[in-house]
Structure formats: C-alpha cells, structure tokens
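Chemist: I have a structure I would like to understand better, so I am pasting it below and will then ask my questions one at a time.
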Amino acid sequence: MPTLSAWTVRAALVWLALAALVGALILSRDALGLPALARLIPIHAEMMLVGWMMQFAFGVAHWILPRRAAGGGRGALAPVLFVVGALNFGVILVILGATREGRVLETLAAVAFVLQAIPRVRAAGWGATGQAGDLVRLKRRQELV
Amino acid sequence: MPTVTRWSIKTALGWAAITVFVGLLLTWPGAPALPYPTYLHLFTVGWLTNLIFGVAHWMFPRASVAAPRGDERLAWAGWGALNAGLILRVVGEVLRGSSSGAWLVFAAALQLVAVWIWVAHLWPRVKVR
C-alpha cells in the first residue's frame, strides 16, 4: 500500500470512528432526553458518506488500480494530495456550518480524483485481453505457486 | 478467503436482499413500514459496511508473519456486534413504543463498539509495504 493510500485510509477510519459515535448519540437521543441531537443527522451523513466511504474508496483505488501505461506508475502525487486535503477540509467545513464552501472543496476533490484516476482504469495485467496469452500467463502463475 | 470474510460477505449479501425487499415494502400500500433512516442503515451498515470490513480483512497488507490478519477474534467480535446491533435497531424501530428507547440505545452501543473494534483491528494493517 503506498504511503498516500495508507494516510487516506487512516483518515477514512478516523472519520468512521467519529461518525459512528455521532450516529450512536443520534440513535439514543430519545432515551438520553436529547431530541435536539437529531440536528446532527446531516453531519453524521457527511462524515459517513464523504469522510469515510468516499475517502476509503479513493485511498484503496489509488492503491490497487492498474498503473499508468509506459511506466507512469500511479501518476503525479500532487493531484492526489490535493484530493485528500480538499476532501477532508471540505468535510470539516461542512461540519462547522460552511456547507457551500465545504461542498465546493468536496466537488473539486471528487472531480480531481476522477480526472487523475481515469487513465488508470484500463486493461492491464492478467485477464486484460481475454486472449490466449492471458491463459498462458495464468498457467505460469499457477506453476509458480 | 478467510472464514470471517466469507461470513461478512454472505451476511452483506443477505442484508442486500433484505434491504431491497424493505425498499419495495416502503412503496406498498398498507404494508408495515420501517422509518426511512432504518432502510438507509440496512443499506449502508448491513450491506456496504459488512462488505467493506470483510474484504478489508481479507485484502489489506499482512499484520505480521505470525498473524497475517491480526487477532481474528476481534474481527469476529466486530462482525457479531455490528449485525446484532443492526437487528436490534430494526426491532426497536418496529416496536416504536415505550420500550423502543432501550432497544435503540443497546443497538447504538453495539454498532459503535463494532465499528471501533473493526477500526482497531484494521488500523495496524494500514501500512506501507
């Protein structure tokens, strides 16, 4: 797992742990005598959907998608660093009440990720062509194992 | 594929089937309806979270040579608490009576503990190699 993916997945897990705490408080609000906790539902959803699930997917995708053609590896680091920063800062802004500004950052992060990931969504490695050569490679792999 | 992963994925698939059935019920005139948030959590907790945790336990980098997937008892505890909590939540939401508050608090506690267990279990395996 590359360093950037490790940090992204860790950040996603932190959001998950925090969002679960908020969710548990919301679900217990009547028993706690705190019905106003229902106002945290949009924050809970933002943390879960963007902070946890989207960020986790981005981190894992950066790790496991096929590398770029012609030795391009996982591509330039700067765009992905921007994605991670903008996504997390966006969630924080939404939580703090600056919803529009936060969503702008989240949108830029998602668009930037899509643009840098698209070249990596390509046929590569075993099974790429579905032709006989792939099966030969599979057979060789099995022999190695 | 480790056993706990297989159970997590099978459970996720089961919840997926239940979720779409509940979604159908929500549109049915006269059918007993669950609150919409419960339907969303069947989807996100039952289906997506079980699937993510199960696959992460399987695919993440190894923790160590001696225990490649860490302490599997943690994964089992997380799986059990997550699904027990979700079931209790559904029961609590169906009851919607004076006793539903206790069910929901217990459900919330179980799901919170489950998530924290999974985070603690997966954390050491999120590493550069």
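Throughout, read-outs are computed from the coordinates displayed, never taken from laboratory work. No experiment lies behind these values; they were computed from the predicted model shown. Using ideal geometry, Cβ is built from the backbone for each residue, glycine included, and neighbour counts are taken over all protein chains shown.
Chemist: May I ask you to say which residue of B:A102, B:A75, B:A114 is buried (at least 22 other Cβ atoms within 10 Å of the Cβ), more than 22 Å from B:F21 (Cβ to Cβ) and without any contact (Cβ under 8 Å) to a residue 60 or more places away in the chain?
Modeler: Result of the check over B:A102, B:A75, B:A114: B:A114.
Chemist: Would you check which residues across the stretch A:12-25 are more than 8 Å from every other protein chain (Cβ to nearest Cβ) and buried (at least 21 other Cβ atoms within 10 Å of the Cβ) and list them?
Modeler: A:A12, A:W15, A:A19
Chemist: Right, something else. Does the stretch A:62-72 contain any residue that is within 10 Å of another protein chain (Cβ to nearest Cβ) and among the charged types (D, E, K, R)?
Modeler: no
The rows are residues; the columns are (1) more than 14 Å from chain A (Cβ to nearest Cβ); (2) free of Cβ contacts under 8 Å to residues at least 60 places away in the same chain; (3) within 13 Å of the chain's Cα centre (by Cα); (4) under 18 Å from B:T3 (Cα atoms).
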position: B:N50; (1), (2), (3), (4): no, yes, yes, yes
position: B:F53; (1), (2), (3), (4): no, no, yes, yes
position: B:A56; (1), (2), (3), (4): no, no, no, yes
position: B:G80; (1), (2), (3), (4): yes, yes, yes, yes
position: B:N83; (1), (2), (3), (4): yes, no, yes, yes
position: B:R89; (1), (2), (3), (4): no, yes, yes, no
position: B:G92; (1), (2), (3), (4): no, yes, no, no
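Chemist: What is the residue count in the stretch B:119-129 for residues that are more than 17 Å from A:V22 (Cβ to Cβ), within 8 Å of chain A (Cβ to nearest Cβ) and either touching a helix residue (DSSP H, G or I) at 6+ places or on another chain (Cβ under 7 Å) or not in a loop (DSSP other than H, G, I, E, B) (or both)?
Modeler: Of the residues in the stretch B:119-129, 5 are more than 17 Å from A:V22 (Cβ to Cβ), within 8 Å of chain A (Cβ to nearest Cβ) and either touching a helix residue (DSSP H, G or I) at 6+ places or on another chain (Cβ under 7 Å) or not in a loop (DSSP other than H, G, I, E, B) (or both).
Chemist: Name every residue in the stretch B:26-44 that is over 18 Å from B:L13 (Cβ atoms), assigned to a helix (DSSP H, G or I) and more than 11 Å from every other protein chain (Cβ to nearest Cβ), in order of residue number.
Modeler: B:L26, B:Y36
Chemist: Being assigned to a helix (DSSP H, G or I) and away from chain A (no Cβ under 11 Å) is true for just one of B:A114, B:A75, B:A109, B:A102. Which residue is that?
Modeler: Just one listed residue meets the conditions, B:A75.
Chemist: Something else now. Looking only at the stretch A:26-57, count how many residues are of a type in the set (S, T, N, Q), in contact (Cβ under 8 Å) with a residue 24 or more places away in the chain and at the interface with chain B (Cβ under 10 Å from one of its Cβ atoms).
Modeler: The total comes to 0.
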